[in-house]
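Written below as structure tokens is the structure these notes are about.
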Amino acid sequence: MRIGTGLLLGLLTGLLWGTIAVALTGISLTLITGLPATPIISAGALGGAVNAAIIMLRAPADRTPGLYLVAFAGVIVSMMLVSFGAPFSLALSESSLIQAFGVGLIALAVTFANRAVLIDIQSGMLKRYAIDLVIVRTLKGFGFVFFSVIVILPFYVMVMTSLKNQQDLFLNPLDLSIDLTQGAASLFDSYVELFTKFNFGRFLLISTIVSVCTVVITLAFSIPGAYAVARLKFPGQTVLSSSILLIYLVPMIVLVIPLYAVFSQLGLRNTVVGLLIVYPATTVPVALYMLQGYFRGLPAELEEAGLMDGLSRFGVIWKITLPLALPALASVSLYVFMIAWNEFLFAFMFLDDPDIFTLSRGVVSLNSSEVPRQHLMAGAVIATVPILVIFLWFERFLVQGLTAGSVKG
Amino acid sequence: MTMSRTTKTSPATAPPNGRKTGLGPMARREARLALWMLAPTFLIVMGIVLFPLLANFWISVKPVTLSDLRPPTPVVSERVRGDFDVAGQEFEIQYRMRNSSRKGDITDVVLTDTLPAGITVIDPGDVCTVTGAAVRCALDGLPAGERTRLKMTAVADETFAANPVSPRDSEPTVTGTAENILTNNEFTLENFARIFDSREFWSVLWVTIAYTVFGTLGALVLGLFAAQMLNKPFAGRSIIRGLFLFPYVAPVIAVAFTWVILLDPFNGTFNAILQRMNIADEGVNFFGQRDIPIDVFGLTIDFPLALATVIAFEAWRYFPLSFLFILARMQSISSDMYEAAEVDGATPLQQFWHISLPQLLGILSTLFLLRFIWTFNKFDDIFLLTGGAAGTRTLTVDVYEQGFALSNLGAGAAVAVAIFILLLVFAVFYFKFVHREDS
């Protein structure tokens, strides 16, 4: 083994991987099993560095599976030595199997990470290219861990909290394990209560109705408009198509006070109809913009042929344009559905009557000190699951919808 | 970016020569059809977006509070005194009227009612007239908070007494004209004086700017980082991409409350993790603590904790969007350039710095501008996380605070006007920017 920047970098990345692995595994063990584990960071860090050092003993070409096995064992041995046999600050006799699994997982993860980063890196002096390679690989790996944690942790906490009860939560907020032996009835207690006592079945229905109606109204308004902008000649066409998205720069909160005042006086404020007037107004411009872009891309010859054959303008739209534009219609519909389903501001400002609450409004009403917080989280899960299922099912369309003409947020 | 495309002249709008000579009949019919097809969109956008936008200016100069939205209305209840079911016996019908408002007068109050058949009014009183079964009472006005009683003496005949129905069964209706505070000619500049005078306004403005700038940058940097990771294909890439979009797709109420519970100072999971890892001694109140002292080389800096946490939420929730756009742009960069750079010995970091970044500059700056405006406009997130407490009140939250929490709609509208004017400034930038993109 030669000693140079390669070894130094290897040790550093090994240190980093060891730290990340031991911290994550320790916390995950606690969150999943409820064991009061405190990972010894220094043990993991040293284990990672030892692992990297063992791997770098040989030149890249000579690294055999046996070497990696030794490196794997190196992590376990050094962790055990540094932490005096208690890598998670727990006595070895306590849940030994889980602890052993944890240590094995750390060793495995560190070995894989080091192997991925250092696969073609030798221990001697490195060229700039190789140094960059190590840095980029480390950053990428770190990025995966980082993003996975920040995305998964909140959703994991949301689901698990909804399945627990208040006392357990206050006793040990780290213990998100759930006792599967208690039976489904007690496990889904919060959900049952929300649907029986808090009227969430109705909120779900209202949200669905409002969202679907918003989609239908939006399409009914934007399809003719988009077609006109894309295909027909009229004065002011360019100005219109470039300014339609300016509507999207208008903050909703600015509209709230006048709309609140006017809708109150018209008796539209505390009604579903009121929402069905406001929601399409915010979605029609972007739907029109997205659709007209797609309509322009369709071959005009087909429509002209249709006109020649005696179809009316609306016949052409109905029989030729729309069938061709189905993917765009799907994207727009999903996108509008998502906006309407997630909408909070107007639902919150307009609706006072629990009989016509949408889910967003219903969940807000759970945010009080009298309602246990697992109910709040169960409400959040009920609001989230339908939209995530739809999203995963139609991901392709929704991603298209998000990127096609809109960056609304 | 798709935005810029629209400003280019589309083939469909090639300069119409008809404009000078007058459009031909076909062209005119086409234009009329187009207008009809666009009319619904126009109407709804005018009514729900543009009209309220202008209405803000009007409301902001009116002394209007939440309670003024219920206009003064006359309220009436009918009473009967005496035995109306005995033939020939005199009894009294009373209309008790009052003004629902303590502030506004009502003028031209008219009450109408129908009497059951068989009842004859002997004395209709001063203001009421009876024609057949119809009663009509007209008052000149009902001042604020005033109550009044209208009395009529009546008598029933035999047929009625045999089969009596209460005169109260027919509901009296009452109408009146009240001055609506929203439409009268009373104006005031007090709303503006009020919001600009308070020192709070300027701190709100600073918080808004900090939130907008750092929230936007955070979302962009995270998005760039995530896109860079997913640029090269690997097994499970589409799953990871879907996962990364979760924060954006999930409803804001769900994720905001989850963060609040996750970061709870007493029994939140995140604080418990910090304590378990010995990073913090006691629970940190992320959303409730305005400043936290931090020692940097002996200097103590007050770090705005709640604001920083709210900004972190903003970056977390919206990085998926910039990630999606940046990834789409990255995928369209031709791989030839990277191959050529590789041959020339450019390192991965150099490739990123000298090839990827310049190519991404367009999308990055567009995203920055749009996200900047949308973050500036954002209300839901901060409102749900902190309610604007602990130094996180932005202009948008201030609209709610003034208009609804303090019930002063006029002041809320004045803040909305301030937002609108700031946005106009942005819009000028926007157009300049789009202009530059085109040329």
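Values in this text are rule-based calculations from the coordinates and carry no lab data. These numbers come from a predicted model, not from an experiment. Glycine gets a Cβ as well: all are built from the backbone with ideal geometry, and neighbour counts include every protein chain shown.
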Among the complete DSSP H segments of chain A, which ones combine at least 15 Å of alpha-carbon extent along their axis with a mean Kyte-Doolittle hydropathy of 0.5 or more?
A:5-33, A:41-55, A:65-82, A:96-118, A:128-162, A:200-231, A:252-266, A:272-297, A:326-342, A:373-393
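Could you work out the relative contact order of the stretch B:58-129? I mean the mean sequence separation of Cα pairs under 8 Å and 6+ apart, divided by the number of residues, in percent.
Relative contact order here is 27 percent.
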Low-density loop GluC sites (Glu not before Pro), the stretch A:319-409, at most 12 other Cβ within 10 Å, DSSP non-H/G/I/E/B, are A:Glu370
With each label point set 7 Å from Cα along the Cα-Cβ vector, what nm distance links B:Ala340 and A:Leu139?
2.3
Grab the eigenvalues of the alpha-carbon gyration tensor for the stretch A:47-93, scale each by 5, take roots, and send me the semi-axes largest first in whole angstrom.
26, 9, 5
Among the aspartates and glutamates, select those whose C-alpha is under 20 Å from the C-alpha of A:Lys164, and discard any that sit fewer than 8 residues away in the same chain.
A:Asp175, A:Asp179, A:Asp189, A:Glu193, A:Glu370, B:Asp264
Translational diffusion coefficient (Stokes-Einstein; Kirkwood radius from C-alpha pairs) of the stretch B:191-438 at 25 °C, 0.890 mPa s, in µm²/s:
120
Kindly state, to the nearest 0.05, the FRET efficiency for A:Thr196 paired with B:Val80, given R0 = 56 Å and r defined as their beta-carbon distance.
0.75
Would you calculate, for chain B, the mean residue ellipticity at 222 nm contributed by helices, counting each DSSP H stretch of 4 or more residues as -39,500 (n - 2.57) and dividing by all residues, to the nearest 500?
-15500 deg cm²/dmol
Between A:Val371 and B:Phe303, the FRET efficiency computed from the C-beta separation at R0 = 35 Å comes out, to the nearest 0.05, as 0.60
Calculated on alpha-carbon atoms, Rg and Dmax of the stretch A:250-314 in Å
19.2, 52
Compare B:Ala272, B:Ala405, B:Ala117 in a GNM of chain B, Cα atoms joined below 10 Å, and give the one with the largest fluctuation.
B:Ala117
Return P(r) of the stretch B:305-389 (all Cα-Cα pairs; 5 Å bins starting at 0; whole %; ordered from short to long distances).
3, 12, 18, 17, 13, 11, 9, 7, 5, 3, 1, 0
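For each of A:Thr384, A:Thr358, count neighbouring Cβ atoms within 10 Å of the residue's Cβ, then give the residues from fewest to most.
A:Thr384, A:Thr358
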Separation in nanometres of the label points that stand 7 Å from Cα toward Cβ, at B:Glu171 and A:Leu67
9.0
Listing B:Trp353, B:Trp374, B:Trp259 by rising number of other beta-carbon atoms within 10 angstrom, fewest first, gives B:Trp353, B:Trp374, B:Trp259
Compute the acute angle (0 to 90°) between the alpha-carbon long axis of helix B:409-438 and the principal axis of greatest extent of the alpha-carbon atoms of chain B; round to the nearest 10°.
40
Relative to the longest principal Cα axis of chain B, at what angle does helix B:25-45 sit, 0 to 90 degrees, rounded to 10?
80
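Could you grab the relative contact order for chain A? Cα pairs under 8 Å, six or more apart, rounded to a whole percent.
17
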Which of the listed residues, B:Ala390, B:Phe426, B:Pro293, is farthest toward the dipole's positive end in the stretch B:280-439, when Lys, Arg count +1 and Asp, Glu count -1 at the beta-carbon?
B:Phe426
For the stretch A:190-309, what does the relative contact order come out to in percent, with C-alpha contacts under 8 Å and a separation of six or more?
42
With +1 on the Cβ of every Lys and Arg and -1 on the Cβ of every Asp and Glu, the dipole magnitude of chain B about its Cα centre, in debye rounded to the nearest 20, is 1800
Checking the a/c ratio against 1.5 first, then a/b against b/c, what shape does the Cα gyration tensor give for chain A?
oblate
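Over all alpha-carbon pairs in the stretch A:192-404, figure out the percentage whose distance exceeds 23 Å.
Within the stretch A:192-404, distances greater than 23 Å cover 54 percent of Cα pairs.
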Taking each pair of distinct Cα atoms in the stretch B:294-439 once, what is the resulting Kirkwood hydrodynamic radius in Å?
18.8
Quick one: if you stick a label point 7 Å off each Cα along the C-beta vector at A:Met125 and A:Leu108, how many nm between them?
4.1
When chain B is reduced to its Cα atoms, the Kirkwood hydrodynamic radius in Å:
28.9
Starting at 0 and stepping by 10 Å, how many percent of the alpha carbon pairs of the stretch B:72-178 end up in each bin?
16, 46, 26, 11, 2
Return, for the Cα atoms of the protein assembly as shown, the radius of gyration and Dmax in Å, separated by a comma.
34.2, 125
If neighbour count is taken as other Cβ atoms inside 10 Å, put B:Tyr318, A:Tyr68 in order from fewest to most.
A:Tyr68, B:Tyr318
